[in-house]
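Trainee: Input: one structure, supplied below.
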Amino acid sequence: MQQPTGQAKGRAAPRRGRRAPLAAERPSGDQRTPQRSGPQRRCIASGEVQPQDCLLRFVIAPDGRVIADLAGKLPGRGLWLTPSRAALDKACSRNLFAKAARRPVTIPADLREGVTAALRKRCLELIGLARRSGLVAAGFEKCKARLAAGQAGLLLQASDAAADGRDRLAALGTAVRPGLAVVRLFTAAELGQVLGRDNAVHVVAMRAPLTGRLMVELGRLQQLLAPGDNPAQTDKAVPYDQAGNNQDGATEPLSQCRM
């Protein structure tokens with residue numbers, strides 16, 4: 001008797017089962033809780049464990065001085081701290097650096113001011129790097145076009161710019177992409193200097209890993225700046241609070257780090 005074409009004698013046809021659903025296709029009841037990736041570190045002031053990128057790293061120099069290591073590359077044991085004025089003041093007043101290092105240390109009197117200035121410089125350098133990488137658009141019309149197309153990952157606006165134009169552009173960006181991060185921590189002269197012009201009022205950074213890196217550093221800077229620390233910053237000018245949460249009800253935080 002002739003066997004059906006393509007079937008071996010005495011062998012069952014292979015079962016064509018359904019493939020396992022991808023994570024994005026699983027029903028809502030089957031969703032896994034996302035896990036944070038990357039190294040975790042404990043804040044010496046609060047005791048909370050957070051992703052390493054959310055914290056500030058300090059090391060003790062051979063002469064005993066406490067030094068901020070924002071790039072995380074200096075040798076020595078790292079001492080990790082939440083980037084907030086309260087955490088830094090607590091670490092200094094309660095001698096937590098010495099306790100964590102288990103040795104006498106010298107804390108510079110201007111440690112907080114030095115860390116803040118270094119973070120500002122680091123953020124501005126990353127903005128300049130984004131410009132050289134072709135990820136930045138500057139100027140009202142260019143930023144407007146990028147925002148309307150939904151290409152913006154971050155909107156930077158000069159803290160000393162006129163409120164009407166600044167608010168109109170921010171409204172466009174958040175309407176197209178709810179939760180768009182809007183940061184107003186730098187003056188027009190500061191932004192202009194890293195972009196190779198006299199002044200820059202509106203700057204858009206496109207979606208890219210480098211922009212994500214910049215947002216992490218901006219989040220740390222914003223947490224460290226208490227109200228009044230930046231003469232050019234006001235609560236109205238910065239629609240994110242010190243924890244990086246949008247005060248206008250947007251759902252996309254500037255930083256996922258906890259205070």
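Trainee: Counting residues that are aliphatic (A, V, I, L, M) and in the same structural domain as Glu217 (by TED's automatic domain parsing), which strands (runs of 3 or more DSSP E) fully inside the stretch 36-114 reach at least 1?
Mentor: none
Trainee: Next question, about the same structure. Among (1) at positive phi; (2) assigned by TED's automatic domain parsing to the domain that holds Ala161, there is one condition Cys123 misses while meeting the rest; what is its number?
Mentor: (1)
Trainee: When the residues of the stretch 40-57 are narrowed to those that are closer than 21 Å to Leu126 by Cβ and without any contact (Cβ under 8 Å) to a residue 40 or more places away in the chain, which ends up surrounded by the most Cβ atoms within 10 Å (Cβ to Cβ)?
Mentor: Among them, the one singled out is Arg57.
Trainee: Among the residues of the stretch 132-162, write down those that are in a helix (DSSP H, G or I) and free of Cβ contacts under 8 Å to residues at least 60 places away in the same chain. Break it down stepwise before answering.
Mentor: Within the stretch 132-162, the subset in a helix (DSSP H, G or I) is 132, 140-148.
Residues satisfying the conditions are Arg132, Glu141, Lys144, Ala145, Leu147, Ala148.
Trainee: For the stretch 32-53, give me the residue count where each residue is modelled with pLDDT under 90 and farther than 20 Å from Met215 by Cβ.
Mentor: Count: 3.
Trainee: Starting from the stretch 165-184, keep only residues that are under 11 Å from Cys143 (Cβ atoms), then list their pairs with residues that are small (Gly, Ala, Ser) whose Cβ atoms are within a distance under 7 Å, requiring at least 6 positions of separation or different chains.
Mentor: Close Cβ pairs satisfying both conditions: Leu172/Ala148; Gly173/Ala152.
The values are calculated or read from the model by the stated rules, or taken from the named source; none is laboratory data. These numbers were taken from a predicted model, which means no experiment stands behind them. Note that each Cβ is placed from the backbone with ideal geometry, even for glycine, and that neighbours are counted across all protein chains shown.
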